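S.K.: Please read through the structure below; I'll follow up with questions.
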Amino acid sequence: MNPPFSAIFLTTLIGAGQGLFLMLFGAEVLLGPVATLPQARLFLAIGSLVSLALTAGGLIASFFHLGQPQRAWRGMAMWRTSWLAREGIALPLFMAGVFAYGLIQWFDLGGSLVIGALTAIVCLVLYVCTGMIYVSIRFIQEWSTPLTLVNYLLLGCASGATLATVLAAFSAPGLVIPFAILAAVFKVAGLLTRSASLLRNARLKPRSTLQSAIGIKHPRIVQKAQGFMGGSFNTREFFHQRAPQFLRSVKWFFLLMAFVLPLLLLVLGVTQGSPGLLLLAFATQYFGLVAERWFFFAQANHPQNLYYQTIS
Amino acid sequence: MTQLALVIDLNVCVGCHACVTSCKQWNTSGTAGSLVDLNPYASDPSGTFFNRVQTFEVGEFPNTQTVHFPKSCLHCEDPPCVPVCPTGASYKRAEDGIVLVDYDKCIGCKYCSWACPYGAREFDEERKVMTKCTLCVDRVTDQALPERERKPACVLACPANARLFGDVHDPESEVSRAIADRAGYQLMPEWGTRPANHYLPRRKTEIRIHPEDLERVDNPLKIDGKQPDVGHRGHGREDFAT
């Protein structure tokens, strides 16, 4: 596929925002009565605001994907069948939940555990919707695996936990260590599952071939003309137009930037007590995840490309 | 239930692209139009087409066959592009099985094109909505047209009669008979999309020549018995014409 930057920013931004919210709510549950202290409530409120800003950024990015953004509201209609429509409902719901949670913390309104729990459920549902958009396209074999869903969840939580560590370093020093441990755990888990999907995809055998595409059972079929010499949607949308070497370098780049470097920076930042290094860890990881998502799209081999191999 | 579809005879398609141009002409001026062409006369032209003719070479030289392969929306009976649409703009008509896009509902998210393994959908960069083959729904249902013209533009244009149009659910229809008699097949059956459009495979063209076809039974040169006898003086094939 030709990686769409709107979808890359949508999934990375809301992934981080969702992960951050899960960390905040987890902290509130674990802290118990301590979480009602003004200092803790301020931290949770600011954290909610950051989470809301990230998801809003993702929502804005998603509008750039649409040809007719003014009709975006229609995109919620087919929630019975379409994972995209389900995501379109879950995302604003999650944002509303985070907004309510932040308000409750800021004004100490009470009932934060109930609202937080409901929002956490919507948050997990949103991860599932985002992942299933890709998993459910069965003939894009690189995507159609439960690993895709697991990766969306773990990578989102990993970047969210790193961001929670950064925020804690500025306003809740007591939470830095637990958040950092969670961030490290999610990074390692994410590295494992993402590597698993890379290994799986490297061994994939395409189910569709030129033989099944045109229905002629002969071992040697060569396309001589795709039927037109100009450009078309089919030649633009489904191929990244880059050399295999470029793809390989992006793969190693994102493995380094999204997992290894941020982990080192995280450890350094915590041991040195430097919020700057932690912020750098998050920035590196976010940039790495953008590269990861680019690779996720570019690696997907759409069977329609079988029909568009030779101009003439 | 009716399922309108095309049956494309790869045995006679000559790759003339008449179906491509007539499709473009009809649909760019019909209800599905206009089909945008970006920079049509500049260095990097790009166009929207509902139908393309591709060419494949099968086999190794010198034993090769050139196969011209027209490709349009296959109007699947289980279309993967329809359930993924978040707005319901992409739908399959219950009455005749044609898969259509409601341009007034489409938000242009392109998800349906990702969900079509055949690459049958093309995004219109000017109207910013998804477009696709309509099976000329505005022609085939137009009661004002004479009966013989109620066919898709591509079918009417084909000079080799390589495109048949009809109801594949009616076992007595021309298309169903062609599929049954000539082993019509579907594309990428591995994904279970059950395309309504079928393709008729290439056939080996053979001529059977009987000895009596080479020589007249009542050849006067042999009546006097001086020439060697042919040995098939009885009734010939033509005497038992069916």
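The values are calculated or read from the model by the stated rules, or taken from the named source; none is laboratory data. These numbers were taken from a predicted model, which means no experiment stands behind them. Here the Cβ positions follow ideal geometry from the backbone for every residue, glycine too, while neighbour counts run over all protein chains shown.
S.K.: When the stretch B:1-48 is examined, which residues are found to be touching a residue at least 60 places away in the same chain (Cβ under 8 Å) and part of a strand (DSSP E or B)?
M.R.: B:Leu4, B:Ala5, B:Leu6, B:Val7, B:Ile8, B:Asp9, B:Leu38, B:Ser46
S.K.: Residues in the stretch A:176-211 that are touching a Pro at 6+ places or on another chain (Cβ under 7 Å) and farther than 18 Å from A:Gly288 by Cα: how many?
M.R.: Start the filter on the stretch A:176-211 by keeping residues that are touching a Pro at 6+ places or on another chain (Cβ under 7 Å), which leaves A:187, A:208.
This time we only want the ones that are farther than 18 Å from A:Gly288 by Cα, so: A:208.
So the count comes out to 1.
S.K.: Return a yes/no flag: does the stretch A:195-206 have any residue that is of a type in the set (A, V, I, L, M), more than 14 Å from chain B (Cβ to nearest Cβ) and surrounded by 14 or more Cβ atoms within 10 Å (Cβ to Cβ).
M.R.: yes
S.K.: Could you list, in sequence order, all residues of the stretch A:251-286 that are among the polar types (S, T, N, Q) and surrounded by fewer than 17 Cβ atoms within 10 Å (Cβ to Cβ)?
M.R.: Let us first name the residues in the stretch A:251-286 that are among the polar types (S, T, N, Q), namely A:271-272, A:274, A:284-285.
Within the stretch A:251-286, A:Thr271, A:Gln272, A:Ser274 meet the criteria.
S.K.: Given the options A:Arg71, A:Arg80, name the one that is surrounded by fewer than 16 Cβ atoms within 10 Å (Cβ to Cβ), at pLDDT 95 or above and of a type in the set (Lys, Arg).
M.R.: Details: A:Arg71 fails: surrounded by fewer than 16 Cβ atoms within 10 Å (Cβ to Cβ).
Of the residues listed, the single one that is surrounded by fewer than 16 Cβ atoms within 10 Å (Cβ to Cβ), at pLDDT 95 or above and of a type in the set (Lys, Arg) is A:Arg80.
S.K.: If you scan the stretch A:62-99, which residues turn out to be touching a Phe, Trp or Tyr at 6+ places or on another chain (Cβ under 8 Å), at the interface with another protein chain (Cβ under 10 Å from one of its Cβ atoms) and more than 21 Å from A:Tyr134 (Cα to Cα)?
M.R.: Scanning the stretch A:62-99 gives a single hit, A:Pro69.
S.K.: How do the pairs read when you match residues in the stretch B:115-128 that are touching a residue at least 12 places away in the same chain (Cβ under 8 Å) and part of a loop (DSSP other than H, G, I, E, B) with residues anywhere that are β-branched (Val, Ile, Thr) and surrounded by 21 or more Cβ atoms within 10 Å (Cβ to Cβ), using Cβ under 6 Å and keeping only pairs 6 or more apart or on different chains?
M.R.: Listed by first residue and then by second, the contacts come to B:Ala115/A:Ile137; B:Ala115/B:Val84.
S.K.: In the stretch A:209-235, which residues are at the interface with another protein chain (Cβ under 8 Å from one of its Cβ atoms) and charged (D, E, K, R)?
M.R.: Of everything in the stretch A:209-235, those that are at the interface with another protein chain (Cβ under 8 Å from one of its Cβ atoms) and charged (D, E, K, R) turn out to be A:Arg220, A:Lys224.
S.K.: OK, next. Please specify each residue of the stretch A:229-281 satisfying the condition of being of a type in the set (Phe, Trp, Tyr) and either under 15 Å from A:Leu163 (Cα atoms) or touching a residue at least 60 places away in the same chain (Cβ under 8 Å) (or both).
M.R.: A:Phe238, A:Phe239, A:Phe259
S.K.: Kindly check whether there is at least one residue in the stretch A:26-37 that is part of a helix (DSSP H, G or I), without any contact (Cβ under 8 Å) to a residue 40 or more places away in the chain and either more than 23 Å from A:Ser112 (Cβ to Cβ) or among the β-branched types (Val, Ile, Thr) (or both).
M.R.: There is at least one residue in the stretch A:26-37 that is part of a helix (DSSP H, G or I), without any contact (Cβ under 8 Å) to a residue 40 or more places away in the chain and either more than 23 Å from A:Ser112 (Cβ to Cβ) or among the β-branched types (Val, Ile, Thr) (or both).
S.K.: A further question follows. Determine whether the stretch B:143-150 contains at least one residue that is surrounded by 15 or more Cβ atoms within 10 Å (Cβ to Cβ) and more than 15 Å from A:Gly215 (Cα to Cα).
M.R.: yes
S.K.: So, A:Gly131, is that one surrounded by 22 or more Cβ atoms within 10 Å (Cβ to Cβ), closer than 18 Å to A:Thr12 by Cα and within 14 Å of chain B (Cβ to nearest Cβ) or not?
M.R.: In short, no.
S.K.: Take the residues of the stretch B:72-92 that are assigned to a strand (DSSP E or B) and surrounded by fewer than 24 Cβ atoms within 10 Å (Cβ to Cβ): which is nearest to the other protein chains (Cβ to nearest Cβ)?
M.R.: Kept after step one, since they are assigned to a strand (DSSP E or B), are these residues of the stretch B:72-92: B:72, B:90-92.
Keeping just the survivors that are surrounded by fewer than 24 Cβ atoms within 10 Å (Cβ to Cβ) gives B:91-92.
On the way: B:Tyr91: 10, B:Lys92: 12 Å.
Once the filter is applied, the top-ranked residue is B:Tyr91.
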